[in-house]
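Trainee: Please see the structure below; I have some questions.
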Amino acid sequence: MSKNKKVVEAAGFIMLCMIISRVLGYVRDVIIYAQFGQNRITDAYNAAFSIPDFLYQLLVGGALSSAFIPVFSSYIATKKEDDAWEVASVTFNIIMILMAVGIGIGAIFAPQLIKILVPGFDAETARLTVFLTRILFIQVIFMALSGISMGILNSYKQFAAPAIGSVLYNLGTIVIGYLLSPSIGITAFTIGVIVGAILNFLYQLPALLKIGMRYHWTFNWRHPGVCKLFSLILPVLLGLSITELNLFINQNLASQLSPGIVAALRQGQRLMQLPIGVFAIAIAIAVFPTLTEYAAKEEYTNFKIAMSEGVRNVIFITLPASCGLIALGVPLIRFIYEQGKFTSEATQATAIALYFYSIGIFAYSAIHVLSRTFYALKDTMTPVILGSISMVVNIVFSILLIGPMEHGGLALAYSIAGIVNMLLLLGVLRRKIGSINGKAMVISFFKSLAASVLMGVAVYAFAVEMEQILDVSRKLNQGLIVMGGILLGIIIYGLLTLLLKMDEAKTVGSIILRRLGFKKG
């Protein structure tokens, strides 16, 4: 099987698992918001993830994966597995020690940190946030183990275990949260998150053993691979710090708005992340080891082709998703969340956030591929510098727009920053490696945009007409409007892109057919 077909196969499987994982994630959110509503309780629950997530992203999620995979993969590609596992062992030992220190500091100073992050919370909400934050620090340990495992397995082109592990993560959260919430309230879902994180790692462990895991208790930080890794990781740490600072500032601003707005922004962003998580990240994860291998072997023609196809494919998929979410925003949120204590007012607040977040979906999708392109070239500084510029843009626009647009302005600022970041990455990449087949990217973008807008208009008109015919207070009818709109959108977009003779339609169609079992790779 060719490398391109392997990437398509891997991307398809990851997409399938991510779809299941995302669906389970929304089931979890439906249960939470139906039981507790969109208010200060769920504001506290969402804010409680801030510090633990920051620690994980800083040490593992973003920084380690972006630096570790290129170094580890380069040793694997050049048949130096002993060096690869030496680097993995040293990295694991150092990261876990740093994480233990970080968790200790975070747990001790949680009250002071929460007061800085969400100053608009009343005393009772702040106390609940601190309590949940301290519980969630336990999750970070197992998420770190899972993150390192995923980096190793992906370097070996093993994608199944990490993808399935992410499904188990959400499943564990749902089961434990649902069973315990009647007795201990929202705390049950933080315990569920810990159980889910443990399941995620345990499922990956057999795959690690199968590929011949060679862990050593060593701190040989002078190993050339370790030196290279940490030279790559430092710029990413800086960049992630700036990114997280931006998120903290947005949360700080949102906490001073009406109760429930922090949760509304979180839910809007989660819905916005659906096409990114299912499609863009799946393609980026699948293509990253291939990009790294091409770069290590200095096969730059194939490198450019793989990068260009990755960018075009994620934009082809996520542009119509953006228009679809804008067209079906209210019907979708009403169908998923509006029950129990989740009111129609909460639906409108979440929809406003979703509308403006959706504008930037295609840009953040492309960034996942473009940033990994730089990482494959062992250049982690450029994405950091450009990301820092875009984060400044985000902060400036957040401050400017929150007055006239409230939380909608925060979401729009986030989208503007993403578009700026994408354009900067493309421009610098072209200067770095020469032609990146930019003409094909531009043509593909505008064809996808035209088809997406036409599709979005048709889907919006369909939803409005159906709301006049059906009783939208019934869940069945709400579901019919959403599912009918999605089906109509897929058909219209598919037909328009075939008429426009887009190559990306064939690639995406191939992935879908393979996942459905109608086509063999």
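Trainee: In whole Å, largest first, what are the principal axis extents of the Cα atoms in segment 381-488?
Mentor: Principal extents (Cα only, largest first): 55, 39, 19 Å.
Trainee: Taking just the C-alpha trace of the chain, give me its Rg and Dmax in Å.
Mentor: Just the Cα atoms of the chain yield Rg and Dmax of 22.4, 70 Å.
Trainee: In addition: Tell me the accessible surface of K506 in square angstrom (1.4 angstrom probe, heavy atoms of protein chains only), to the nearest ten.
Mentor: Result for K506: roughly 150 Å² accessible.
Trainee: For all pairs of alpha-carbon atoms in segment 363-410, what percent lies in each bin of width 10 Å, listed from the first bin to the last filled one?
Mentor: That works out to 25, 37, 25, 12, 1, in percent per bin.
Trainee: Rounded to whole Å, give me the distance from the Cα center of segment 426-471 to that of segment 316-369.
Mentor: 16 Å
Trainee: Of L325, N313, S73, which is farthest towards the positive pole of the chain's charge dipole, taken about the Cα centre with +1 and -1 on the beta-carbons of Lys, Arg and Asp, Glu respectively?
Mentor: S73
Trainee: On the protein heavy atoms, probe 1.4 angstrom, tell me the percent of accessible surface of segment 336-443 carried by carbon and sulfur. Kindly include the intermediate steps, with their values, before the conclusion.
Mentor: Details: 2850 of 4310 Å².
On segment 336-443, the fraction of accessible area on carbon and sulfur atoms equals 66 percent.
Trainee: Which value in deg cm²/dmol, rounded to the nearest 500, describes the helix-derived mean residue ellipticity at 222 nm for the chain, given -39,500 (n - 2.57) per DSSP H run of n ≥ 4 and division by the residue count? Display every interim value, and only then the final one.
Mentor: Numbers: 21 runs with 435 residues, N = 521.
Value at 222 nm, helices only, nearest 500: -29000 deg cm²/dmol.
Trainee: Another question about this same structure. What list of ³J(HN,Hα) couplings, whole Hz, do you get for segment 356-369 from phi and the Karplus terms 6.51, -1.76, 1.60, once you set θ to phi - 60° and write x for glycine and proline?
Mentor: 7, 5, 4, 4, x, 4, 4, 5, 5, 5, 5, 4, 4, 6
Trainee: In Å, what is the Rg of the alpha-carbon atoms in segment 268-373, and how long is Dmax?
Mentor: 17.1, 58
Trainee: Each residue of segment 480-492 in order: what ³J(HN,Hα) in whole Hz does its phi give by Karplus 6.51 cos²θ - 1.76 cosθ + 1.60, θ = phi - 60°, with x for Gly and Pro?
Mentor: 4, 5, 5, 5, x, x, 5, 4, 4, x, 4, 5, 5
Trainee: Report ³J(HN,Hα) in whole Hz for each residue of segment 256-270, in order, from the Karplus equation J = 6.51 cos²θ - 1.76 cosθ + 1.60 where θ = phi - 60°; Gly and Pro get x.
Mentor: Residue by residue, segment 256-270 yields 8, 8, 5, x, x, 6, 4, 5, 4, 5, 4, 5, x, 6, 5 Hz.
Trainee: Could you list the residues of segment 125-142 with an amide nitrogen less than 14 Å from a label point located 7 Å from the Cα of K115 in the Cα-to-C-beta direction?
Mentor: Only 126-127, 130 fall inside the zone, counting backbone N under 14 Å.
Trainee: Given the pairs K432/K506; K210/K378; K475/K506; K115/K341, which are separated by over 32 angstrom at their Cα positions? Intermediate values should be presented prior to the final figure.
Mentor: Details: K432/K506 30 Å; K210/K378 28 Å; K475/K506 36 Å; K115/K341 27 Å.
Those over the limit are K475/K506.
Trainee: Another question, then. What does the highest-first list of 355-361, 124-130, 272-278 look like by mean Cβ count within 10 Å?
Mentor: Details: 355-361: 23.9, 124-130: 19.7, 272-278: 22.3.
Per-residue mean Cβ counts within 10 Å order the peptides as 355-361, 272-278, 124-130.
Trainee: While we're here: Give me the net charge for the shell around K228: Cβ to Cβ below 15 angstrom, other residues only, Lys and Arg +1, Asp and Glu -1.
Mentor: 0
Trainee: Right, next: Hey, can you find the accessible area per residue of the chain for me, probe 1.4 Å, expressed in square angstrom? Mind dumping the intermediate values first?
Mentor: Numbers: 21680 Å² over 521 residues.
Ligands and nucleic acids excluded, the figure is 42 Å² per residue.
Trainee: I need the Debye-formula profile for segment 436-478: one equal scatterer per C-alpha, no solvent, reported as log10 I(q)/I(0) at q = 0.14, 0.20 1/Å, two decimals.
Mentor: So the normalised log intensities are -0.51, -0.68.
Trainee: If we restrict to alpha carbons, what Rg and Dmax does segment 347-435 come to, in Å?
Mentor: In Å, with Rg to one decimal and Dmax whole: 14.6, 47.
The values are calculated or read from the model by the stated rules, or taken from the named source; none is laboratory data. Every value quoted in this text rests on a predicted model; they were computed, and no experiment measured them. For neighbour counting, all protein chains shown are included, and Cβ atoms are generated from backbone atoms with ideal geometry for every residue, glycine included. For accessibility, only protein heavy atoms count, side chains too; no ligands or nucleic acids. Shrake-Rupley method; radii C 1.70, N 1.55, O 1.52, S 1.80 Å.
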